[in-house]
Amino acid sequence: MDIKIFGRKVWIYGIQGRVSGLRSWTETHTTTSGGQVRDCGPGGLHVNAPRVDVHTTHHQSFWVISPSGREWQGRGNYPLREGQEVRVLWAGIRGGISTGHVVMHNRTLQKLWTNPQDLPRALSFHGIKRLTLKYLAVLAVVFGVALYFPLTYNDAGTGAFFKGLFACVVLIAIGAMHRARMIRDNQSEALSAIQKAVANDPELQQSLSA
């Protein structure tokens, strides 16, 4: 199925079936840092114990098997149990490939999770280039003004120069926050469009089980 998101053709596909072959495991990594012995004079030693950091990572893999026998292997720490019915969706720009699943819906539990990081980059970063160019243009003007005063008024313009630099730093911080918010908004809108398209297309829903 193809839909349009931000003016781009996006294909949607997936699978609906039962969870099978559920496997969970953990990996534990231990790192040691610091620790030293210092000589404090005759008969004296000072010992600093090393710092030990333990990091545990949880993993889970599973298969989704459709009624027709089609299979898909997934990974992710979702609350799943053998035999539960799930729907998995993935998407990509027309002519391209998918980077991973974007929606996991446990239909047995009626719980849904999204993976915005697996959306096509063109959707997540829609409009980011234009936004960046706008901020760069404003930064160029501010920095140009900050340089103009010291060169024109010597010492009298030094304060204006540093104020201009401070304004540039503030603009960069604001721009970074604006960029992050725009990416999140793009991802939210794209995921909503994908879910709505599937919900409104009975034929696609049937094909997921095929």
Pairs with Cβ under 7 Å, 6+ apart, first in the range 194-208 and over 19 Å from residue 8 (Cα atoms), second charged (D, E, K, R) | 208/87
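Does residue 35 qualify as being surrounded by fewer than 10 Cβ atoms within 10 Å (Cβ to Cβ), over 28 Å from the mean Cα position of the chain (by Cα) and either modelled with pLDDT under 90 or within 30 Å of residue 96 (Cα to Cα) (or both)?
On the way: surrounded by fewer than 10 Cβ atoms within 10 Å (Cβ to Cβ): no; over 28 Å from the mean Cα position of the chain (by Cα): yes; either modelled with pLDDT under 90 or within 30 Å of residue 96 (Cα to Cα) (or both): yes.
Answer is no for this residue.
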Scan the range 64-88 residue by residue and report those that are touching a Ser or Thr at 6+ places or on another chain (Cβ under 9 Å), farther than 22 Å from residue 119 by Cβ and among the small types (Gly, Ala, Ser).
-> 66, 68, 83
Just checking, which of 145, 141, 102 is more than 21 Å from residue 21 (Cα to Cα), touching a strand residue (DSSP E or B) at 6+ places or on another chain (Cβ under 6 Å) and aliphatic (A, V, I, L, M)?
-> 102
Quickly run through the range 46-84 and pick out the residues that are in a loop (DSSP other than H, G, I, E, B) and more than 20 Å from residue 100 (Cα to Cα).
-> 49, 50, 67, 68, 69, 81, 82, 83, 84
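The values are calculated or read from the model by the stated rules, or taken from the named source; none is laboratory data. As the structure is a prediction and not an experimental result, all values here were calculated from the model. Methodologically, a virtual Cβ is constructed for each residue, glycine included, from the backbone with ideal geometry; neighbour enumeration extends over all protein chains shown.
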